[in-house]
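In what follows, a single structure is set out as structure tokens and then discussed.
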Amino acid sequence: MEMAVNRVANDAAKVTSLVDLFNGVPNRDLIRNLEVSMSAVQIGGRSFPVSHNDRGSATCYINCPSTAYIAYAIDETRNFMSVPLLRSAMIGLIRACAPLVRASGLDHQVQINNWLYSTNPVPLIDSTLAAEMRDRMVAQNPTRAVVIRSLNDIADQASIAALRAAGFIMLPARQLYIFPADGGARRMRNHMKTDRALLRDTPFHLAEDDSFTGADYARAQQLYDMLYLDKYTPLNPQYTARYLAEMHARGILQMRGLRDGDGVLVAVTALFENGRTLTQPIVGYDTGLPLKAGLYRMVMAMAQDHAMAHGLFFNMSAGAGEFKRNRGAVPAIEYSAVYARHLPRRQRAAIRAMQGVLAGIGIPLLRRFEL
């Protein structure tokens with residue numbers, strides 16, 4: 001195990017700003033498929049955004065494990081369209097596990113460090129902080145499961161060990177990809193060189209962070225929707241133009257993009273830099289333009305260049321596995337830490353059974369098919 005490194009800062013002002021935004025504006029005006037309440041807490045001298053999700057709330061997978069492990073998992077079987085028998089078997093297995101997920105009651109949760117992204121970098125958690133998190137959250141939320149998402153087995157080994165010692169169970173969630181630019185200079189692979197050549201020669205113009213205006217946020221939402229909602233699944237967070245504008249104005253997200261000759265965005269990305277860690281929660285492009293334009297390749301190169309220029313640990317999240325591996329990223333299994341010892345026995349048993357299924361079947365499938 002590598003020496004524990006705290007790459008995540010959780011700036012208290014940004015935590016407060018995020019929480020104030022979601023307490024001041026209706027959820028659906030910011031994320032159309034989200035229903036949640038937010039608060040900010042100080043634990044162990046660190047600031048965390050905390051979400052509270054109620055049983056039966058209609059919300060997206062970032063707050064709703066039943067959506068993540070059932071509906072979203074079924075959608076993800078599109079990766080096996082070329083192997084119909086395997087796809088059918090996986091859909092059958094997921095549906096068979098649905099009663100187990102519902103019995104776990106995990107949708108009724110309090111989630112620590114929830115920035116409301118698919119990937120939420122987690123500050124280093126030692127044994128003292130893990131115990132304090134557990135005790136504070138259980139005392140304040142005696143009927144809810146306590147959840148921390150986005151822990152992975154490259155960045156968070158020490159935190160995972162501390163949480164396990166405090167009684168948290170690790171539920172495998174997905175396979176993601178890490179580009180550890182903070183480890184020193186990275187060799188520029190051939191695919192990366194090709195992407196940079198494309199950026200140099202493209203007829204499109206770079207949209208810098210400070211160039212974004214009101215019309216750009218509306219267009220950015222359209223581009224995100226084209227990729228993540230229309231091409232993939234509407235179960236992804238449905239971020240709105242207002243959300244993008246507010247998060248950018250508050251200094252939480254940095255914006256980048258490409259414009260055509262008329263100044264209209266054809267591709268966009270938003271970067272979330274937290275301490276020494278970078279994530280890329282927003283990516284979108286005009287899917288009606290030819291694939292050879294390389295829009296996705298270019299916005300991903302922008303993020304990777306930012307990570308290398310600033311020595312950041314770049315969590316590239318899940319999806320497009322072959323693409324990311326070809327650009328120097330390495331796979332990692334992501335986990336959600338769940339504390340449930342204060343909950344009824346039936347729920348605890350269901351969560352333990354989920355852990356067994358996900359560890360015994362889910363992880364091998366993720367690794368075998370390099371998803």
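In the set (1) over 21 Å from the mean Cα position of the chain (by Cα); (2) open to solvent by 10 Å² or more (accessible area, probe 1.4 Å), residue 154 fails one condition alone, (1). If the condition is being open to solvent by 50 Å² or more (accessible area, probe 1.4 Å), in contact with a helix residue (DSSP H, G or I) (Cβ under 8 Å, 6 or more places away or on another chain) and either aliphatic (A, V, I, L, M) or without any contact (Cβ under 8 Å) to a residue 60 or more places away in the chain (or both), then the range 358-369 contributes only 361.
In the set 38, 81, only one residue is among the aliphatic types (A, V, I, L, M) and open to solvent by less than 60 Å² (accessible area, probe 1.4 Å); that residue is 38. Any idea which residue in the range 334-356 is farthest from residue 150 (Cα to Cα), counting only those that are surrounded by fewer than 18 Cβ atoms within 10 Å (Cβ to Cβ) and among the hydrophobic types (A, V, I, L, M, F, W, C)? This residue is 349.
Among the candidates 220, 245, 197, 173, which residue alone is at pLDDT below 95 and hydrophobic (A, V, I, L, M, F, W, C)?
Numbers: 220 fails: at pLDDT below 95; 245 fails: at pLDDT below 95; 197 fails: at pLDDT below 95.
One residue alone meets the criteria, 173.
I'd like to know if the range 199-219 contains one or more residues that are touching a Ser or Thr at 6+ places or on another chain (Cβ under 8 Å) and buried (at least 19 other Cβ atoms within 10 Å of the Cβ). There is no residue in the range 199-219 that is touching a Ser or Thr at 6+ places or on another chain (Cβ under 8 Å) and buried (at least 19 other Cβ atoms within 10 Å of the Cβ). The set of residues from the range 257-275 being farther than 13 Å from residue 224 by Cβ and not aliphatic (A, V, I, L, M) comprises 259, 260, 261, 262, 263, 272, 273, 274, 275. Note on the range 54-67: residues that are under 18 Å from residue 338 (Cα atoms), open to solvent by less than 30 Å² (accessible area, probe 1.4 Å) and touching a residue at least 60 places away in the same chain (Cβ under 8 Å) amount to 3. Residue check, residue 31 against (1) open to solvent by less than 20 Å² (accessible area, probe 1.4 Å); (2) aliphatic (A, V, I, L, M); (3) out of contact with any Ser or Thr (no Cβ under 9 Å at 6 or more places or on another chain), all met but one. Which one? So the condition that residue 31 fails would be (3).
For the range 158-181, the set of residues classified as in a helix (DSSP H, G or I) and either within 17 Å of residue 131 (Cβ to Cβ) or more than 20 Å from the chain's Cα centre (by Cα) (or both) consists of 158, 159, 160, 161, 162, 163, 164, 165, listed by residue number.
Of the conditions (1) of a type outside the set (Phe, Trp, Tyr); (2) touching a helix residue (DSSP H, G or I) at 6+ places or on another chain (Cβ under 9 Å); (3) surrounded by fewer than 18 Cβ atoms within 10 Å (Cβ to Cβ), residue 18 clears all except one; give me its number. Unmet for residue 18, out of (1) of a type outside the set (Phe, Trp, Tyr); (2) touching a helix residue (DSSP H, G or I) at 6+ places or on another chain (Cβ under 9 Å); (3) surrounded by fewer than 18 Cβ atoms within 10 Å (Cβ to Cβ): (3).
Against the list (1) without any contact (Cβ under 8 Å) to a residue 60 or more places away in the chain; (2) open to solvent by 50 Å² or more (accessible area, probe 1.4 Å), the condition residue 308 fails is (1). Of the residues 128, 77, 143, the single one that is modelled with pLDDT under 90 and either under 18 Å from the mean Cα position of the chain (by Cα) or of a type in the set (Val, Ile, Thr) (or both) is 77. Take the conditions (1) open to solvent by 50 Å² or more (accessible area, probe 1.4 Å); (2) touching a helix residue (DSSP H, G or I) at 6+ places or on another chain (Cβ under 8 Å); (3) under 30 Å from residue 300 (Cα atoms); (4) assigned to a helix (DSSP H, G or I); residue 331 misses just one of them, which is (4). A search for C-beta distances below 8 Å between a residue of the range 24-36 that is under 16 Å from residue 68 (Cα atoms) and any residue that is of a type in the set (Lys, Arg), counting only pairs 6+ apart in sequence or on different chains, returns 34/28; 35/28.
The values are calculated or read from the model by the stated rules, or taken from the named source; none is laboratory data. These numbers were taken from a predicted model, which means no experiment stands behind them. Virtual Cβ from ideal backbone geometry, glycine too; neighbours counted across all protein chains shown. In case anyone asks, the SASA skips ligands and DNA or RNA and just uses the protein heavy atoms, side chains included. Shrake-Rupley method; radii C 1.70, N 1.55, O 1.52, S 1.80 Å.
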